[in-house]
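The structure under discussion appears below in the form of structure tokens.
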Amino acid sequence: MPQPCSIEDCTRTPRWVCDCCQQNLCLQHLNEHNDLLISQLNPLTLEIKALEDCLQALNIQKTIDNSREKLEEWRDDCYKKIDCLFEQKCRELDQVINEKVDQQREELNRIHLKITELIDAQETSRQDIDLLTSTIRQLEININNIEQICFTIVTSPLVIDDTFIFIKETTEHELDLSTLSPVYGTIHRPKGSSGPLTCNDRYLLIHQHPNLCLYDREMNIAKQTLWRYGRIWDMCWSSTLVNNTQNIINTDQHENTAHG
Ligand SMILES: [Zn+2]
Ligand SMILES: [Zn+2]
């Protein structure tokens, strides 16, 4: 005798294995189970609607703005470096020309004074006149030459690499150590070296007992000097102080300033 419908107390002939419960059910119970399944669709639709609203309300602008701010900082920093080099080269040009003009002005003043002295004394010689005349001719040539000076300006194009900026996705407040660049080089620290270090975009300053060392980007020692002031507690780099490579080093004795 075949088994009846799997629902308790139902004696009807089973028609099919129900998709939801894997039981052999009669037609009526199959329909009931089917209706039950369909009724579960409505709450799902509501959930989808809620998620759609949520997506709509996401504050993506804030996320974009925060990251854009970083990109803009990078851009401003690059612009500043270009402006700085441009202004430095303009000053160099001015200086070259001004030095030449000043030199001729001094020479003119010197000759003028000499002639005034001779006039005041009411005394001169043929030799004086010849010498003054040839000096004046030479000055004339020199002054005209200043305008003829040309500069050859040799420039290299600024090569900007896509890898200067790397965008990586992280969740908020997550410190992702994999975003650190791989180890570039290793510097052996002698025993007794102080921990603090400081750098600018060209050099790294560290204490390598018994010296203070300035490393370049290739990790070569660009400069080193004997440090006699005890343990270094802190260092910072200041490009606004004299020379662009001056650092303030804080020791336990007193504050010292090291010229890099
Ligand atoms: Zn079922
Ligand atoms: Zn049944």
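The values are calculated or read from the model by the stated rules, or taken from the named source; none is laboratory data. On a predicted model such as this, the values are computed, not experimentally measured, just so you know. Cβ coordinates were reconstructed from backbone atoms using ideal geometry, including for glycine residues, and neighbour counts include every protein chain displayed. SASA here: full protein model, heavy atoms, side chains in, ligands and nucleic acids out. Shrake-Rupley method; radii C 1.70, N 1.55, O 1.52, S 1.80 Å.
Set side by side, the residues Ile115, Ile165 differ, and just one is among the hydrophobic types (A, V, I, L, M, F, W, C), surrounded by 10 or more Cβ atoms within 10 Å (Cβ to Cβ) and not assigned by TED's automatic domain parsing to the domain that holds Phe86, which is Ile165. Beta carbons closer than 7 Å, at least 6 apart along the sequence or on distinct chains, pair a first residue in the range 113-131 that is among the polar types (S, T, N, Q) with a second that is open to solvent by less than 100 Å² (accessible area, probe 1.4 Å) for Thr124/Leu118.
With the structure loaded, tell me whether Lys89 is open to solvent by 90 Å² or more (accessible area, probe 1.4 Å) and either touching a residue at least 40 places away in the same chain (Cβ under 8 Å) or within 25 Å of Ser156 (Cα to Cα) (or both) or whether it fails that test. When the stated conditions are applied, Lys89 passes them. So which residues in the range 35-52 are open to solvent by 70 Å² or more (accessible area, probe 1.4 Å) and either at pLDDT 95 or above or more than 9 Å from ligand 1 (Cβ to nearest atom) (or both), if there are any at all? Passing the criteria: Asp35, Ile38, Gln40, Leu41, Asn42, Leu44, Leu46, Glu47, Ile48, Lys49, Leu51, Glu52. Of all residue pairs spaced 6 or more apart or on separate chains, those with beta-carbon atoms under 6 Å, a first member in the range 14-34 that is free of Cβ contacts under 8 Å to residues at least 40 places away in the same chain and assigned to a loop (DSSP other than H, G, I, E, B) and a second member that is near ligand 2 (Cβ under 8 Å from one of its atoms) and among the small types (Gly, Ala, Ser) are Gln23/Ser6. The sole residue among Asn247, Asn243 that is in a loop (DSSP other than H, G, I, E, B) and modelled with pLDDT under 60 is Asn243.
If you go through the range 194-208 and keep only what is at pLDDT below 90, more than 28 Å from Asp77 (Cα to Cα) and surrounded by 14 or more Cβ atoms within 10 Å (Cβ to Cβ), you end up with just Ser194. The single condition from (1) hydroxyl-bearing (Ser, Thr, Tyr); (2) open to solvent by 100 Å² or more (accessible area, probe 1.4 Å); (3) within 15 Å of ligand 2 (Cβ to nearest atom) that Ser6 fails is (2). Taking the conditions exactly as written (over 30 Å from Ser156 (Cα atoms), open to solvent by 100 Å² or more (accessible area, probe 1.4 Å) and within 16 Å of ligand 2 (Cβ to nearest atom)), does Gln56 satisfy them or not? It is false that Gln56 is over 30 Å from Ser156 (Cα atoms), open to solvent by 100 Å² or more (accessible area, probe 1.4 Å) and within 16 Å of ligand 2 (Cβ to nearest atom). Within the range 145-162, the residues that satisfy the criterion of being over 25 Å from Ile82 (Cβ atoms) and not in a loop (DSSP other than H, G, I, E, B) are Asn145, Ile146, Glu147, Gln148. Do we find a residue being within 15 Å of ligand 1 (Cβ to nearest atom), open to solvent by less than 80 Å² (accessible area, probe 1.4 Å) and in contact (Cβ under 8 Å) with a residue 24 or more places away in the chain anywhere in the range 69-79? Within the range 69-79, not a single residue is within 15 Å of ligand 1 (Cβ to nearest atom), open to solvent by less than 80 Å² (accessible area, probe 1.4 Å) and in contact (Cβ under 8 Å) with a residue 24 or more places away in the chain.
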